[in-house]
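Colleague: Quick one: the structure is below, and I'll ask about it shortly.
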Protein chains: 2
Amino acid sequence: MKRHITVLAVFLLTLVSLCLAQTDETTINEDFKPSTLNQSGQEYPQVNSQGYARFRIVAPQAQSVRVSLGLGGRGGTALTKSEDGAWMGTTEGPLDEGFHYYHVYVDSGMFNDPGTLNFYGSTRWESGIEIPAHDRDFYALKDVPHGRVQQILFPSKSTDTSRRAFVYTPPDYDKDQSKRYPVLYLQHGWGEDETAWSNQGHANLIMDNLIAEGKIRPFLIVMTYGMTNEIRFGGLRNFDIKPFQTVLVDELVPYIDANFRTLSDQPHRAMAGLSMGGMETKMITLANLDKFSHIGLFSGGSFSMDDVDKTPGFKEKVKLVFVSFGSRELENRRGRRGPFGGDPKENAEALKQAGINSVFYVSPNTAHEFLSWRRSLYDFAQKLFK
Amino acid sequence: MKRHITVLAVFLLTLVSLCLAQTDETTINEDFKPSTLNQSGQEYPQVNSQGYARFRIVAPQAQSVRVSLGLGGRGGTALTKSEDGAWMGTTEGPLDEGFHYYHVYVDSGMFNDPGTLNFYGSTRWESGIEIPAHDRDFYALKDVPHGRVQQILFPSKSTDTSRRAFVYTPPDYDKDQSKRYPVLYLQHGWGEDETAWSNQGHANLIMDNLIAEGKIRPFLIVMTYGMTNEIRFGGLRNFDIKPFQTVLVDELVPYIDANFRTLSDQPHRAMAGLSMGGMETKMITLANLDKFSHIGLFSGGSFSMDDVDKTPGFKEKVKLVFVSFGSRELENRRGRRGPFGGDPKENAEALKQAGINSVFYVSPNTAHEFLSWRRSLYDFAQKLFK
């Protein structure tokens, strides 16, 4: 145990000096603006043009206030008390572009930042902040026709309740009542729920923009809770896919096909997921290749030739295998064989060599976070149902 | 100023002794259970069978923790530090049945309770707690066919953006493509937004249950932001209805009629609102009686004969005037003429005498809060479009 702590300390110190080396010479631009995810009228948190975040928390009598967000391994960002009684602080370095969860510690209690909207992650509603990405146009709210995000409550016998799902329908869905659409079942990650892909992921805006530009064949997206949050980290290996597979394949899919104008055959049904939702996607599609033809794993493993060889009919039935990661995830993996069965890029290339429509996508300068997954959906959607 | 403080102090002391007199003799039942609005897996806050609420906030280093919810005028509920470092406390008396907003003060900083879901009220996402009502069955999630809550983004030229609305569609909406439906435009109150009627109000579940029991003619409900939150309390008299009236009447209504299967004539269009949304409803309907036939004001004023006489065509065009309050609001008003033009019950009776279909509803033992408005919608819906 002691040795572990020593190793950790050395690692952390190295990280600290590396980060200091990077940031010491940087001048912080004083062009901070409220984050786009702030609650109406809230001035803080703010973000500057370099990606630094600045926080302001009012708690005049507090002894210490800290924000969980900041450079890795450094315990986030400590705020200091201003003259007006508010606690303020700026991250020691720029954050990755895109969306980040965080929370605030006030005298050792964990709370949300009252300035921001909340997003479901880590099995709770958390604060969120957005660092404007250079390519944010693809998920921006634009003056184009907008589809709908429909909340449905579908009956589930296996869990003895009505379960919630959200269904994205394209802008033209209600115009031509004779038209039918392919469907993508899209899963969130561990700690999240069925709200994540709309709220954090802007899946509906990504679709609206792609459709307006004529870049994709319009399809429905169905998002429901993947029953991921009963386990905690480390319990992944014992995770039983059966309960969720039953809900998704035996209950939700038939409900969607009965209540929406879908193309309900295997060539027109896809499944994708991020992180643990990718793991679920792999398990469920491999066991149900008669139902799913297009598969996407976003930061959630890969398919090896071993997977292909062990699954009868894979080459005939699977029309697309899309595997993606944030570039920083791959840097972290360098030289290591991860828990997902080998190097994902090598795996993708092996499948391609074997004649499978295999795509490997890397999101530049992002980690295991939502900008990687927004970009993955944007790329994946353009390759679906062609 | 000093005199005001003295008067306030005497008033508060009287209130305190009154409340103590009421609660001193009460035994608090130790049958506390997690509130139904808690986040997944959270044990606190809890509610007992008498309507007391118990809170638990983890903030080991804090000097003081207080919850805003409690007996009026007493500054909420002060929590005390338990041996495990968590702060705990129970309201000094039972709360009204139904939904309550609240927040937590930690060392004078205002935060949400990490245990609960958040609800938009007071111009921010707040904590919420539910005291189970004896009649909660009418808004319960049941094993009946469920309608959808569809998030739409509609174009608004007057505000130069895409605006969000939620549209409730009944369970059979997608079954019979030839059927058309009446529409209710339903507004939230000051500080709230377009999410309130679904989240706090359970409008969709109220409708699902009424439809399943065959008690109403199915209709659509459209909920959008009433642009109420730019002003603060006291600014009501200077509130300009024009910007929202333009969005609602000139932009949203035509969009809904073009994109949903509505009955788009005046007899099949209703408007209702709670609190400030009631005030908006009154202003907008009186100016647009060619468009709205059924009107509901929930804790948001009333129609006097003066209103009727000043509005050409009122008697011919208005098919229902529904006015409701929580009983505690009327107690508070006793002997006073409120800001809404006279005694609402007398007003309702005067309209009835004049041959107008005028309904006055009182929600038992509730105040200016969401259980009053859930019950109002339940009653109002049964009288619509008959």
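Colleague: What percent does the relative contact order of the range A:65-210 come to when contacts are Cα pairs within less than 8 Å and at least six residues apart?
Modeller: Values: 226 pairs, mean separation 28.4, N = 146.
Relative contact order here is 19 percent.
Colleague: Right, here's the next one. Determine the shielding of peptide B:58-68 by partner chains: average, over its residues, the number of Cβ atoms on other chains within 10 angstrom of each Cβ.
Modeller: 4
Colleague: State, as an integer percentage, the relative contact order of the range B:240-386 based on alpha-carbon contacts under 8 Å between residues 6 or more apart.
Modeller: Worked out over the range B:240-386, it gives 21 percent.
Colleague: Any idea what the A:Pro267 label distances to the other copies are, label 7 Å down the Cα→Cβ vector, nm, shortest first?
Modeller: 5.0
Colleague: Can you tell me which of A:Ser158, A:Ser376, A:Ser178 moves the most in a GNM of chain A? Springs connect C-alpha atoms under 10 Å apart.
Modeller: A:Ser178
Colleague: Please calculate the 1.4 Å probe accessible area of A:His368, with all protein chains present, and give it to the nearest 10 Å².
Modeller: Spelled out: A:His368, probe radius 1.4 Å, area about 90 Å².
Colleague: Quick one: with label points 7 Å out along Cα→Cβ, list the inter-copy distances for B:Asn357 in nm, shortest first?
Modeller: Its label point is 5.7 nm from the equivalent points in the other copies.
Colleague: Mind giving me the nanometre distance, one decimal, between the label points for A:Glu331 and A:Met305, set 7 Å out from Cα along Cα→Cβ?
Modeller: Placing both labels 7 Å beyond Cα along the Cβ direction yields 3.1 nm.
Colleague: DSSP beta bridges in chain A, what fraction antiparallel, as a percent rounded to 5?
Modeller: Around 65 percent of the beta bridges assigned by DSSP in chain A are antiparallel ones.
Colleague: Here's another thing I want to ask about it. Compute accessible area for the range A:148-192 by itself and then with all protein chains, 1.4 Å probe, and report residues whose area falls by 20 Å² or more.
Modeller: Residues passing the criterion (a loss of at least 20 Å², heavy atoms only) are A:Arg148, A:Val149, A:Gln150, A:Gln151, A:Leu153, A:Ser162, A:Asp174, A:Lys175, A:Gln177.
Colleague: How large is the charge dipole for chain A, taken about the Cα centre, if only the Cβ atoms of Lys, Arg (+1) and Asp, Glu (-1) carry charge, to the nearest 20 debye? Please report the intermediate quantities before stating the final value.
Modeller: Values: 42 positive and 45 negative charges, 202 e Å.
With Lys and Arg at +1 and Asp and Glu at -1, about 960 debye.
Colleague: Something else about it: Need one word for chain A: rounded, prolate or oblate. Basis is the Cα gyration tensor (sqrt eigenvalues a ≥ b ≥ c); a/c below 1.5 gives rounded, then a/b vs b/c decides.
Modeller: Here chain A falls in the prolate category.
Colleague: Could you report the range B:105-164's accessible area per residue, 1.4 Å probe, as an integer in Å²?
Modeller: Details: 2350 Å² over 60 residues.
For the range B:105-164, the solvent-accessible area averages 39 Å² per residue.
Colleague: For A:Lys142, which lysines qualify as cross-link partners when the Cα separation must be under 27 Å and same-chain residues fewer than eight apart are set aside?
Modeller: Result set, ordered by chain and number: A:Lys33, A:Lys175, A:Lys179, A:Lys215, A:Lys383, A:Lys386, B:Lys157, B:Lys242.
Colleague: Work from the charge dipole of the protein assembly as shown (Cβ charges, +1 for Lys and Arg, -1 for Asp and Glu, about the Cα centre) and give the residue of A:Ser156, A:Leu263, B:Ile231 farthest towards its positive end.
Modeller: A:Leu263
Colleague: So, in nm, how far is label A:Lys81 from label B:Asp250 when the simple model puts each one 7 Å beyond its Cα toward the Cβ?
Modeller: Placing both labels 7 Å along Cα→Cβ, they lie 5.3 nm apart.
Colleague: Moving on. Over what distance in Å are the Cα centres of the range B:237-316 and the range B:78-133 separated?
Modeller: If you average the Cα positions of each part, the centres end up 36 Å apart.
Colleague: Report the gain in length on full extension from A:Ala140 to A:Asp160: 0.36 nm times residue separation, minus Cα-Cα distance, nm rounded to one decimal.
Modeller: Computed gain between A:Ala140 and A:Asp160 is 3.3 nm.
Colleague: Out of all DSSP beta bridges in the protein assembly as shown, what portion is antiparallel? Express it as a percent rounded to 5.
Modeller: In the protein assembly as shown, DSSP labels about 65 percent of beta bridges as antiparallel.
Colleague: For chains B and A, what's the summed buried accessible area, probe 1.4 Å, to the nearest 100 square angstrom?
Modeller: Details: alone 18280 and 18260 Å², together 33180 Å².
In total, this chain pair buries about 3400 Å².
Colleague: Sticking with this one: I need the shape label for the protein assembly as shown. Rule: rounded when a/c is under 1.5, else prolate if a/b > b/c, else oblate, with a, b, c from the alpha carbon gyration tensor.
Modeller: Because a/c hits 1.5 or more and a/b fails to exceed b/c, the protein assembly as shown counts as oblate.
Colleague: Could you state how much accessible area B:Arg217 has, in square angstrom rounded to the nearest 10, with a 1.4 Å probe and all protein chains kept in place?
Modeller: It works out to around 90 Å².
Colleague: Checking buried surface per residue: for the range B:102-119, which residues lose a minimum of 10 Å² accessible area in the protein assembly relative to the chain alone (1.4 Å probe)?
Modeller: B:Val106, B:Asp107, B:Ser108, B:Gly109, B:Met110, B:Phe111, B:Asn112, B:Pro114, B:Leu117, B:Asn118
Colleague: Can I ask one more? In whole percent, how big is the carbon plus sulfur part of the accessible area of the range A:33-132, probe 1.4 Å, protein atoms only?
Modeller: Whole-percent figure for carbon plus sulfur exposure: 48.
Colleague: Applying 1/(1 + (r/R0)^6) with R0 = 45 Å to the Cβ-Cβ distance of A:Thr27 and B:Gln61, what FRET efficiency is obtained, to the nearest 0.05?
Modeller: According to the calculation, E is roughly 0.80.
Colleague: Just checking the output field for A:274-285: average partner chain Cβ neighbours within 10 Å of each residue's Cβ?
Modeller: 0
Colleague: Quick check on the range A:33-132: take the gyration tensor over C-alpha atoms, sort the square-rooted eigenvalues as a ≥ b ≥ c, and tell me if it's rounded (a/c under 1.5), prolate or oblate.
Modeller: It is rounded, given that a/c, with a ≥ b ≥ c, falls under 1.5.
Colleague: Here's a follow-up. Given contacts defined as C-alpha pairs under 8 Å and at least six residues apart, what's the relative contact order of chain A, whole-number percent?
Modeller: Normalised by residue count, the contact order of chain A is 12 percent.
Colleague: Determine the calculated [θ] at 222 nm for chain A from helices alone, applying -39500 (n - 2.57) to every DSSP H run no shorter than 4 residues and normalising by the residue count; nearest 500 deg cm²/dmol.
Modeller: Working: 11 runs with 97 residues, N = 386.
Here the helix-only value at 222 nm equals -7000 deg cm²/dmol.
Colleague: Follow-up question, since we're still on this one. List the distances, in nm to one decimal, from the label point of A:Ile231 to the label points of the same position in every other copy, shortest first, placing each label point 7 Å from Cα along the Cα-to-Cβ direction.
Modeller: Going from nearest to farthest copy, the values are 5.5 nm.
The values are calculated or read from the model by the stated rules, or taken from the named source; none is laboratory data. Fair warning: this is a prediction, and the values are worked out from it, not measured in the lab. For neighbour counting, all protein chains shown are included, and Cβ atoms are generated from backbone atoms with ideal geometry for every residue, glycine included. Accessible surface is based on the protein model in full, side chains and every heavy atom, while ligands, DNA and RNA are left aside. Shrake-Rupley method; radii C 1.70, N 1.55, O 1.52, S 1.80 Å.
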